[in-house]
Amino acid sequence: MAESSVSPTPLLKDELDIVIPTIRNLDFLEMWRPFFQQYHLIIVQDGDPNKIIKVPEGFDYELYNRIDINRILGPKASCISFKDSACRCFGYMVSKKKYIYTIDDDCFVAKNPSGKDINALEQHIKNLLCPSTPYFFNTLYDPYRDGADFVRGYPFSLREGVPTAVSHGLWLNIPDYDAPTQLVKPRERNTRYVDAVMTIPKGTLFPMCGMNLAFNRELIGPAMYFGLMGDGQPIGRYDDMWAGWCIKVICDHLGLGVKTGLPYIWHSKASNPFVNLKKEYKGIYWQEELIPFFQSATLPKDCTTVQKCYIELSKQVRAKLGKVDDYFLKLADAMVTWIEAWDELNPSGGELVLNGAGK
């Protein structure tokens, strides 16, 4: 057999699931076929469970709708959002793989400045498989990348880095803006391709976008809860933000890293800013209380697993944010339900004990 006819084995083929939330046919997968076809997909269907979602031929996938979620989780299904992309976190829970990549169905393959298609999944895997440097910023960004290294003055004792739990990718074309910014900049497009990956420093929060995101499920999976959003809730479009704030506090506590930057995807269409404003407006007020809450949140040293950290965080949400609005009492309960459901579906090896706590 000629060497050129052998397709290279994709990285982590048997260790990674791709999770996609959707309400429509997944024609967008045709564009991703060269990069996704050899991986297993978990599709979480939102909205009407009787609607038939068509998936292009040749993909290995499992599809869950609301009926499946209710059947699998029973009463605990109350923690999974409905009519909101937050439903995707059910896919994280039922996966049995070490890594997750999640992407929205309006995200297409982007091109780099030289016009070559970007294999977003491959770059995320590279990010996850090399260490992070949250304790000391390297001015050449990612020191583990080819052609880079630690700069003069970087402590040798910190050059080993820490395990990377999360890889946060970016987007060309339609920016990830909130409704007020969308309204005042309706024609703005992101055309800046910045060829860099960096570790978000310890103690620094960030706005996590769920449409191009990968993570190590074993290291941080139980904290990747996208909250109670959408149908029946007073807020939407803060699902990934909530998860991002929670995971960052927990990663900082457990000595794990979060990277942001490459890879880019092409975000093809903007959601309606007026609809978004209705979903977001309480969050826009509440985030002024939420950010200081997460900035000052600390976890005790005996929180040595993600589950313990998350339960502790839920108690602090109840005690401190419950005063902001009753919604946060409901959310604190859902956080506990989520962990109970996670541990039910992931009974063996579900609690990974990390020794970086309290560094």
**OP:** Being open to solvent by less than 40 Å² (accessible area, probe 1.4 Å) and under 18 Å from the mean Cα position of the chain (by Cα) is the filter here, so list the residues in the range 15-35 that pass it.
**Re:** Leu16, Asp17, Ile18, Val19, Ile20, Pro21, Thr22
**OP:** Give the residue, chosen from Gly203, Gly169, that is at pLDDT 95 or above and at positive phi.
**Re:** Gly203
**OP:** State which residue is least open to solvent (accessible area, probe 1.4 Å) when the search covers only the range 146-157 and only residues that are charged (D, E, K, R) and at pLDDT 95 or above.
**Re:** Asp149
**OP:** For the range 158-180, state whether one or more residues are surrounded by fewer than 20 Cβ atoms within 10 Å (Cβ to Cβ), more than 18 Å from the chain's Cα centre (by Cα) and hydroxyl-bearing (Ser, Thr, Tyr).
**Re:** no
Original post:
Is there a residue in the range 57-72 that is touching a residue at least 40 places away in the same chain (Cβ under 8 Å) and open to solvent by 10 Å² or more (accessible area, probe 1.4 Å)?
Top reply: yes
**OP:** Identify, from the list Asn119, Asn138, the residue that is open to solvent by 40 Å² or more (accessible area, probe 1.4 Å) and polar (S, T, N, Q).
**Re:** Asn119
Original post:
Here is a list of conditions, (1) closer than 23 Å to Trp338 by Cα; (2) surrounded by fewer than 24 Cβ atoms within 10 Å (Cβ to Cβ), and Asp240 meets all of them except one; can you say which number that is?
Top reply: (2)
Original post:
Can you find a residue in the range 254-268 that is in contact (Cβ under 8 Å) with a residue 60 or more places away in the chain, of a type in the set (Val, Ile, Thr) and open to solvent by 10 Å² or more (accessible area, probe 1.4 Å)?
Top reply: yes
Original post:
Taking Thr204, is it of a type in the set (S, T, N, Q), surrounded by fewer than 17 Cβ atoms within 10 Å (Cβ to Cβ) and farther than 23 Å from Val336 by Cβ?
Top reply: yes
Subject >> Cβ pairs under 6 Å, 6+ apart, first in the range 133-147 and in contact (Cβ under 8 Å) with a residue 40 or more places away in the chain and among the hydroxyl-bearing types (Ser, Thr, Tyr), second assigned to a loop (DSSP other than H, G, I, E, B) and open to solvent by 20 Å² or more (accessible area, probe 1.4 Å) >> reply: Thr133/Gly161; Tyr135/Lys202
Original post:
Taking the range 281-306 as the search range and keeping residues that are surrounded by 12 or more Cβ atoms within 10 Å (Cβ to Cβ) and in contact with a Lys or Arg (Cβ under 8 Å, 6 or more places away or on another chain), which one is farthest from Pro207 (Cα to Cα)?
Top reply: Phe293
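The values are calculated or read from the model by the stated rules, or taken from the named source; none is laboratory data. Here the structure is a predicted model, which is why all the values come from computation and not from measurement. Quick reminder, even Gly has a Cβ in these numbers, built from the backbone with ideal geometry, and neighbours come from all protein chains shown. Accessible surface is based on the protein model in full, side chains and every heavy atom, while ligands, DNA and RNA are left aside. Shrake-Rupley method; radii C 1.70, N 1.55, O 1.52, S 1.80 Å.
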